[in-house]
1. Against the definition (at pLDDT 85 or above, more than 19 Å from Lys127 (Cα to Cα), under 16 Å from the mean Cα position of the chain (by Cα) and among the charged types (D, E, K, R)), how does Glu204 come out, yes or no?
2. Quick one: in the stretch 171-188, of everything that is among the hydrophobic types (A, V, I, L, M, F, W, C) and surrounded by 13 or more Cβ atoms within 10 Å (Cβ to Cβ), which residue is nearest to Arg12 (Cα to Cα)?
3. Scanning the stretch 154-170 for residues that are loosely packed, with under 15 Cβ neighbours inside 10 Å and of a type outside the set (A, V, I, L, M), which turns out farthest from the chain's Cα centre (by Cα)?
4. Scan the stretch 16-29 and give yes if some residue there is touching a Cys at 6+ places or on another chain (Cβ under 9 Å), within 25 Å of Ser187 (Cβ to Cβ) and in the same structural domain as Gly82 (by TED's automatic domain parsing), otherwise no.
5. Looking at the stretch 2-22, which of its residues are out of contact with any helix residue (DSSP H, G or I) (no Cβ under 7 Å at 6 or more places or on another chain), more than 22 Å from Gln50 (Cβ to Cβ) and not polar (S, T, N, Q)?
6. Taking the stretch 85-98, which residues are surrounded by fewer than 19 Cβ atoms within 10 Å (Cβ to Cβ) and under 11 Å from Ala112 (Cα atoms)?
7. Going by the structure shown, is Glu123 loosely packed, with under 12 Cβ neighbours inside 10 Å and at pLDDT below 80?
8. Only one residue in Lys57, Lys74, Lys68, Lys13 is farther than 15 Å from Asp198 by Cβ, outside the structural domain of Asn177 (by TED's automatic domain parsing) and in contact (Cβ under 8 Å) with a residue 40 or more places away in the chain, so which one is that?
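The values are calculated or read from the model by the stated rules, or taken from the named source; none is laboratory data. Note that the structure is predicted; figures quoted are calculated from it, not measured. All Cβ positions, glycine included, derive from the backbone under ideal geometry; neighbour counts span all protein chains shown.
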Amino acid sequence: MSEPADRIAQFRKMTTDDPDNELGHFRLGQLLMEDGQFADAVASLDRTLQLSPEFSKVFQLLGECHYKAGDPAKAIEVLTRGYEVADKRGDKMPRDAMGKLLLQYGGTVPAAAEVVVEDDGPETGFKCARPMCTFGKRAKPLIFAPIKGELGERMAATICSGCWDAWKKDQSIKVINELRLDLSSESGAAEYDRNMKDFMGFDEESSTGGTLTLGTPNGAAHG
């Protein structure tokens, strides 16, 4: 089995074993898209949006898949909705990427959303930037950078403690077990870090730098 096919099979198993695993569906959609299986990628990315309706990066990939599968009208519809979601959330990179795709595909870039400032209140405070965050106004900031380097500092500034705990205590274990990762190997550590960044909603190009040290608090080794 080729490496792409092997990885696709791994994530298919992950999503079959855990149908509500949004990261698994997202990674499967990415891999299917990279392999040119656009119709199957659409199904996986659609499922991701069902689980995480504000995951703006997914709209970008889904729009591209619809276009490459021969449905430009659907691509424009998805990208328009995605642009609005990304603009409202302040996700500038996927928003701008979708704006370019809309123009390329013959669509129109929506007008910028009006910025709404929430009233101060006992529940208002830290806003987690993770697209799949479920904590809302209950989100609490991390008290320290969970990993070393620039990426850890970015997490401390933008990701809530609940989302970090969800990764550390649940999703990271699933990734290691389902993908059978050897964290002592360079490829295993890279795959782990890739999934961690996807879970946090960080674009690859905007989350470089720093020492990931396998995604453990303050660079501690896995136990």
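1. no
2. Leu179
3. Ranking the candidates gives Lys169 first.
4. yes
5. Glu3, Ala5, Asp6, Ala9
6. Lys88, Gly90
7. Criteria met by Glu123.
8. Residue meeting the stated conditions: Lys13.
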